[in-house]
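> Questions regarding the structure given below will be posed in turn.
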Amino acid sequence: MKNFLSCDWGSTSFRLRLVDAAAWQYSTVKSKDTGIVTIFQLWKQSATGEQGRFDFYLQVIGRHIRMLESQSGHSLKNLPLVISGMASSSLGMMEMEYKKIPVFADGRDLEVKKIAGTKDVKNDLYIISGVRTDDDAMRGEETQLAGCESDLINKRILVFPGTHSKHVTVRKGMVTGIKTFMTGEFFELLGEKSILSSSVRRSGGLHDKQNKKSFEAGVLAGRQSNLLHTAFLVRTNRLFNKLTEEENYYFLNGLIIGAETGEITEKRNNRVTLVVSGKLKPLYSAAFHASGFRESENNFQTEDADLALVKGQWRVLQQYCSDNKFL
C-alpha cells in the first residue's frame, strides 16, 4: 500500500492530505477555525462530556475526509490515517504520554496509538505522540524530523518555525535537546495588542528593498541587544520618522526572529537545517542569510516542512506496521 491519509492537526490549523508515497505527491484540504484549541472549546461547550470527546473530534476528521473524497473523486475508506500534532495533547482527541529523549531522529521509537476505524470513519487511525525533555516538549515537529533528509549523524540543529518555534538538537541520529521559542505568539502580541500596534502596518513584502533592509536591521538588533529594549525602538522608529509603518512591520519581524535565531547563528560552524514552508520561508531564509548562512555552504540546508511531515508520517507508519506485523 502506497497511499495514506495524512492529518497535521495543530493548535490553530488543520490539514488533511491524500498522499501518494510512491511519488511523494499529495492533495490537501484545510479549513479555518478547526485548530485543536478551537475544537477543544467547542467540545467543552457541547453536551457530549468526556465519554464523547473522541467521537466529537472524529466528526471533524470525517467532514474533511468527505471533502477530500469530493476533491479526489473516489472513496478513501480503509486507507490508513496518520495523525500528528496536537491531537495527542491534553486539548486533543486523547492525551498520550510524551516520549522522553533521547529518541531516534528517524521516528522509529515514537509512541503510536492505533485505533480501529468506525462505521462513520472507516479508516484505521495511527496517532503519533510528541517528545519531551525535562523542561521542554514538542508535538508534530518530531514527525517532520523523521522525514528530513539532512545528515543527522554529525551534530545538527534543526529549526522548525511557527507560532512556537522549535530548535531540535540531533547527535549521532538521536534527539538530545529541544528548545521552544514563542516567536509567532510574541510577534502577534507586540504587533497587534501592545503600544507598538499603531507603529506597524502589514503591507508589501521582502521583495521591496526598504522592507528587506528594515528586516535585516531588525535581525541584527535582535541578535545583539536585549529584546525588552529593542522592542521599544519600533515605537521610536515612527516617533522620529525613521521608518514607515510598513518598514517598521518588517523591522519588528526581523527583531523577533533575530532574537530567536541569535544563539545558533553566532557560531558560523553550527550545522543548521531550516525546516519551513509557506509564508515563513522567505522570512527565516532572509534572517539566516543576514546572519551569514548560505545554502551553498555545507553547514546550512533548507527542507520543505510539508514534504518532511508526510515523509515522516509514512516512515513512522511503516515502522509501526513492521513491528506489529501489520500491512
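> Using the alpha-carbon atoms, what tilt in degrees (0 to 90, nearest 10) does helix 305-323 show relative to the longest principal axis of the chain?
30
> Report the Stokes-Einstein translational diffusion coefficient (µm² s⁻¹, integer) for segment 33-79, Rh taken as the Kirkwood radius over Cα pairs, at 25 °C with viscosity 0.890 mPa s. Please list the in-between numbers first.
Working: Rh = 11.9 Å.
In µm²/s, the coefficient is 207.
> Which of the peptides 208-220, 286-298 is most tightly packed, and how do the rest follow, going by the mean number of other Cβ atoms within 10 Å of each residue? Before the final figure, lay out each step's value.
Details: 208-220: 20.5, 286-298: 15.5.
Highest-to-lowest ranking by the protection proxy: 208-220, 286-298.
> Please report the antiparallel percentage of the DSSP beta bridges confined to segment 39-165, to the nearest 5. Can you show the working numbers first?
Numbers: 6 of 11 bridges.
DSSP beta bridges in segment 39-165 are roughly 55 percent antiparallel.
> From the Cα trace of the chain, what convex hull volume per residue do you get, rounded to a whole Å³? Before the final figure, lay out the partial values.
Numbers: hull volume 49.3 nm³, N = 327.
Each residue corresponds to 151 Å³ of Cα convex hull volume.
> Expressed as an acute angle from 0 to 90° and rounded to the nearest 10, what is the orientation of the C-alpha long axis of helix 245-265 relative to the principal long axis of the chain?
Here the helix axis deviates by roughly 70 degrees.
> Under a straight-distance cross-link criterion of Cα-Cα below 16 Å, which aspartates and glutamates are reachable from K213, leaving out those fewer than 8 residues away in the same chain?
Within reach: E245, E246, E247.
> In segment 76-193, with Lys and Arg counted as +1 and Asp and Glu as -1 at Cβ, which of these residues, L145, M182, G117, has the Cα nearest the positive end of the dipole, that is, farthest along it?
Result: G117.
> Could you state the angle between the C-alpha long axis of helix 280-290 and the longest principal axis of the C-alpha atoms of the chain, as a value from 0 to 90 degrees rounded to the nearest 10?
That works out to roughly 40 degrees.
> Related question: Could you tell me the center-to-center distance, by alpha carbons, between segment 164-179 and segment 36-65 in angstrom?
Segment 164-179 and segment 36-65 have Cα centres separated by 32 Å.
> Tally Lys and Arg at +1 and Asp and Glu at -1 over the other residues with C-beta under 14 Å from the C-beta of Y98: what net charge comes out?
Working: positive: K99, K100, K113, R132, R139, K166; negative: E95, E97, D109, E111, D134, D135, D136, E141, E142.
With Lys, Arg at +1 and Asp, Glu at -1, the neighbours total -3.
> Same structure, new question: State the extension gain, in nm to one decimal, for the chain segment bounded by K77 and T163, taking 0.36 nm per residue of separation less the distance between their alpha-carbons. Don't skip to the answer; put the middle values down first.
On the way: separation 86, 0.36 × 86 = 30.96 nm, distance 3.31 nm.
Gain on stretching K77 to T163: 27.6 nm.
> I would also like to ask the following. For R63 paired with K2, estimate the spin-label separation in nm (one decimal), with each label point 7 Å from Cα along the Cα-to-Cβ line.
Placing both labels 7 Å beyond Cα along the Cβ direction yields 3.4 nm.
> Ok, one more. Return the lysines within reach of K100: Cα separation strictly under 18 angstrom, same-chain partners fewer than 8 residues apart disregarded; answer none if there are no such residues.
K113, K166, K172, K179
> Here is a further query. If you take the Cα atoms of segment 151-268, find Rg, then find the Kirkwood Rh from the mean of 1/r over all pairs, what is Rg/Rh? Don't jump to the answer; show the numbers that get you there.
Values: Rg = 15.7 Å, Rh = 15.0 Å.
My calculation of the ratio gives 1.05.
> OK, next. Stick to Cα atoms and the Kirkwood definition of Rh, then tell me Rg/Rh for segment 10-90. Before the final figure, lay out the partial values.
Values: Rg = 13.7 Å, Rh = 13.8 Å.
Taking Rg over the Kirkwood Rh, I get 0.99.
> Given R₀ = 22 Å, what would the calculated FRET efficiency be for N298 paired with M182, taking r from the Cβ atoms and rounding to 0.05?
Computed FRET efficiency for N298 and M182 comes out at 0.10.
Quick note: the coordinates plus some simple rules give every number you see, no bench work behind them. Every value quoted in this text rests on a predicted model; they were computed, and no experiment measured them. For neighbour counting, all protein chains shown are included, and Cβ atoms are generated from backbone atoms with ideal geometry for every residue, glycine included.
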